[in-house]
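Structure first, then comments.
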Amino acid sequence: MKICVLGGDGYCGWATALYLSRKGHEVAIVDNYLRRQWDHELGVQSLTPIEPLSRRLGVWQEISGRAIEMFTGDVTDYDFLCPMMDTFRPDAVVHFAEQRAAPYSMIDRKHAVFTQVNNVVGTLNVLFAIREVVPDCHLVKLGTMGEYGTPNIDIEEGYIKIEHNGRSDVLPFPKQPGSFYHLSKVHDSHNITFTCKIWGLRATDLNQGVVYGTVTEETSMDEALINRFDYDDVFGTVLNRFCAEAAVGHPLTVYGSGGQTRGFLDIRDTVRCIEIACLNPADRGEFRVFNQFTEQFSVMQLAQMVQTAARSMDLHVEIDHLEPPRVEAQAHYYNAKHSKLIDLGLQPHFLSESLLDSLMNVAVKYQHRVDISQFLPQIKWHEARNPRSRRWSAQAAVALSEQR
Ligand code: NAD
Ligand code: USQ
């Protein structure tokens, strides 16, 4: 297939592009390197060293003998997106190109607005470009399990049958997102539903859980192909953070009691799920939703698993309970369905088997790059201002005075 990976320089996108290329698909990456700029803005970096995209692609071509086309541009820029689609003419567009950190979207008004404009306008442009240029193309869009929140009932895959006053219907599952970022995904889902209905587009929304791991077969072929490992308080996800903390003996930063439960999956399953979705496209006019995760854990369970894995490497680490920076339920019911991708052939990897190889070993190998000042959470959901916001304001003030 001809598959266009929007956001292919990022964490999920890079691993996916290489996997699809190795499987024999013709792949193009689109990215505007915003992710690299956010690192500069926040003063953070991936634990693993990341090469420029052109070098990554050159090394991939040398090793695999397969070329991946590269388009540098912004999906919120329709004048870039449409000609790109017309040049490549994809069978499937995999859309990862969004601002994906909940804490980043909660820094202040500016970051909330940026997140929603980048994500919602980008997805709207993708929908219009597909309709205008390649109307039969299948959109595989990354959503998030966080769109559902933590309701006190089982979470279905996208839709729920409701009986009300003697009548019944199958309706979109209620959404209770917990950040301006998660809200942007809900807005995307509504726009996609609408365009499938009125224009007959075909789309699959992958409501993905928290992804962990750095290693895929392809990214481990050469040091230059290594994937991101974010552990800072903004872009670092919980398991990465705990492993980086354990690698340097820093207490694990459990927010509150650690009763928050989420769905998780190995990056090796992310790439496979994307291929499964591409190979089994939605029908014209159909908007499918798959819940894309393989196991669910509470934050406290993860901390205990990391503590045990660290002990097996002779690393001793304590578990700390910090005042929760986010507004989220500390203890709640959580039972989310996730059978549709398994039915289509996904064979999951399990955390108990990959914690050491895919996370702890990588964290220990690059422990000399850990900046421990990135461990404490600085962004608080209920506070209007926070140090990250001030830092940006100070930088903006300097830039302004330099311009003057
Ligand atoms: P990432 O930040 O590492 O990658 C996103 C990429 O998109 C970056 O390379 C960035 O430069 C690019 N990008 C952003 N806005 C763009 C724009 N306007 N134009 C062009 N490129 C743009 O994020 P990730 O972790 O790879 O996540 C990818 C997608 O998967 C996101 O949509 C995210 O919401 C979703 N997701 C991620 C996880 C996770 O745990 N990482 C879990 C669930 C869902
Ligand atoms: N947490 C801690 N300690 C930490 C970091 C996080 O206790 O040091 C807790 C958070 O409070 C939260 C849970 O761990 O309850 C998960 O947080 P996270 O930062 O790992 O993940 P989240 O903010 O939910 O976002 C990540 C990705 C996002 C994706 C989402 C999937 O960044 O792109 O959409 O996972 S989901 O969680 O299913 O919504």
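The values are calculated or read from the model by the stated rules, or taken from the named source; none is laboratory data. Bear in mind that the values here come from a model prediction, so they are computed numbers and not experimental data. Ideal geometry is used to build each Cβ from the backbone, glycine not excepted, and the neighbour counts take in all protein chains shown. We work out accessible area using only protein heavy atoms, side chains counted, and drop any ligands, DNA or RNA first. Shrake-Rupley method; radii C 1.70, N 1.55, O 1.52, S 1.80 Å.
Structure data summary
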read-out	value
Listed pairs LYS23/LYS197; LYS141/LYS340; LYS141/LYS175 exceeding 24 Å between Cα atoms	LYS23/LYS197
Kirkwood-type radius of the chain, with distances r between different C-alpha atoms, in Å	21.8
Distance between modelled label sites at ASP169 and TYR33, nm, 7 Å Cα→Cβ extension	4.8
Cα centroid separation - the stretch 32-110 against the stretch 299-315, whole Å	33
Two-decimal log10 I(q)/I(0) for the stretch 276-326, as the Debye equation yields it once each C-alpha is a single scatterer, q = 0.24, 0.30 Å⁻¹	-0.99, -1.16
Max mean-square fluctuation residue, GNM over the chain, Cα-Cα springs under 10 Å, options ASN280, ASN240, ASN291	ASN280
Total charge dipole magnitude, the chain, about the Cα centre, Cβ charges on Lys, Arg, Asp, Glu only, Debye to nearest 20	620
Spacing of the two label points (7 Å from each Cα toward its C-beta) at VAL113 and PHE194, in nm	2.2
Size of charge dipole - the stretch 243-303 - debye, nearest 20, with Cβ of Lys, Arg +1 and Asp, Glu -1, no other charges	80
Restricting the stretch 105-179 to GluC sites (Glu not before Pro) in coil, as DSSP defines it, with at most 16 other Cβ within 10 Å	GLU156
Length added when fully stretched, GLN296-GLU62, from 0.36 nm per residue minus Cα-Cα	80.4 nm
Backbone N within the stretch 101-144 under 18 Å of label point (7 Å from TYR78 Cα along the Cβ vector)	117-135
Per residue accessible area of the chain, 1.4 Å probe, in Å²	42
Top of HIS321, HIS382, HIS349 by mean-square fluctuation, Gaussian network on the chain, Cα under 10 Å	HIS382
The chain - percent of accessible surface contributed by carbon and sulfur, probe 1.4 Å	52
Full-stretch length increase - HIS368, ASN335 - with 0.36 nm per residue and alpha-carbon distance subtracted	8.0 nm
Dipole-positive endmost among THR76, THR48, GLY166 within the chain (Cβ charges, Cα centre)	GLY166
Candidates per chymotrypsin sites (Phe, Trp or Tyr not before Pro) in the stretch 8-88, loop by DSSP, up to 11 other Cβ within 10 Å	none
Dipole of the chain, positive end: most advanced residue of VAL140, TYR212, ALA363 [Cβ charges, Cα centre]	VAL140
Projected label distance in nm at MET305 and LYS161, using a 7 Å step from Cα toward the beta-carbon	3.3
Helix-only CD estimate at 222 nm, as mean residue ellipticity for the chain, using -39500 (n - 2.57) per DSSP H run (n ≥ 4)	-11500 deg cm²/dmol
